[in-house]
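Visitor: The structure's right below; bear with me while I get my questions together.
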Amino acid sequence: MDLSNLAKGLIWIGVILAAIGVGLLVTAKLGIPLGKLPGDFQIRGERWSFYFPLMTCVVLSIVLTVILNILVRLFK
């Protein structure tokens, strides 16, 4: 593997992580309750808790699928 390819890959990973961070900030500012949607499971015991954001995963999957399909069709 060429070092320049590795550098480009790391830059893209950074850009993607920054975009995710901006997206989370925007959803928090808009009041979108990601992680607290109906269908997100939260079970608490005396000394433990279990949290599984099922509906949040479904919503994010649909949104990302639509965005990626649009990007692929634009750059094809």
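The values are calculated or read from the model by the stated rules, or taken from the named source; none is laboratory data. These numbers come from a predicted model, not from an experiment. Glycine also receives a Cβ, built like all others from the backbone with ideal geometry; neighbour counts cover every protein chain displayed. These area figures cover heavy atoms from the full protein model, side chains too; ligands, DNA and RNA do not enter into them. Shrake-Rupley method; radii C 1.70, N 1.55, O 1.52, S 1.80 Å.
Visitor: If you check every pair at least six apart or on different chains, which have Cβ atoms under 6 Å apart with a residue in region 15-37 that is within 13 Å of THR56 (Cβ to Cβ) first and a residue that is of a type in the set (Val, Ile, Thr) and part of a helix (DSSP H, G or I) second?
Guide: These pairs meet every condition: LEU34/THR27; LEU34/THR56; GLY35/THR56; LEU37/THR56.
Visitor: Can you name the residue in region 38-52 that is among the small types (Gly, Ala, Ser) and over 17 Å from VAL63 (Cβ atoms) and is also most open to solvent (accessible area, probe 1.4 Å) among such residues? Write out each step before concluding.
Guide: Just the residues of region 38-52 that are among the small types (Gly, Ala, Ser), to begin with: 39, 45, 49.
Pick out the ones that are also over 17 Å from VAL63 (Cβ atoms) and you get 45, 49.
On the way: GLY45: 32, SER49: 87 Å².
Only one residue fits best here, namely SER49.
Visitor: Within region 33-54, which residues are of a type in the set (A, V, I, L, M) and either out of contact with any strand residue (DSSP E or B) (no Cβ under 9 Å at 6 or more places or on another chain) or outside any helix (DSSP H, G or I) (or both)?
Guide: As a first pass, look at region 33-54 and keep what is of a type in the set (A, V, I, L, M): 34, 37, 43, 54.
Once the filter is applied, which keeps residues that are of a type in the set (A, V, I, L, M) and either out of contact with any strand residue (DSSP E or B) (no Cβ under 9 Å at 6 or more places or on another chain) or outside any helix (DSSP H, G or I) (or both), region 33-54 yields LEU34, LEU37, ILE43.
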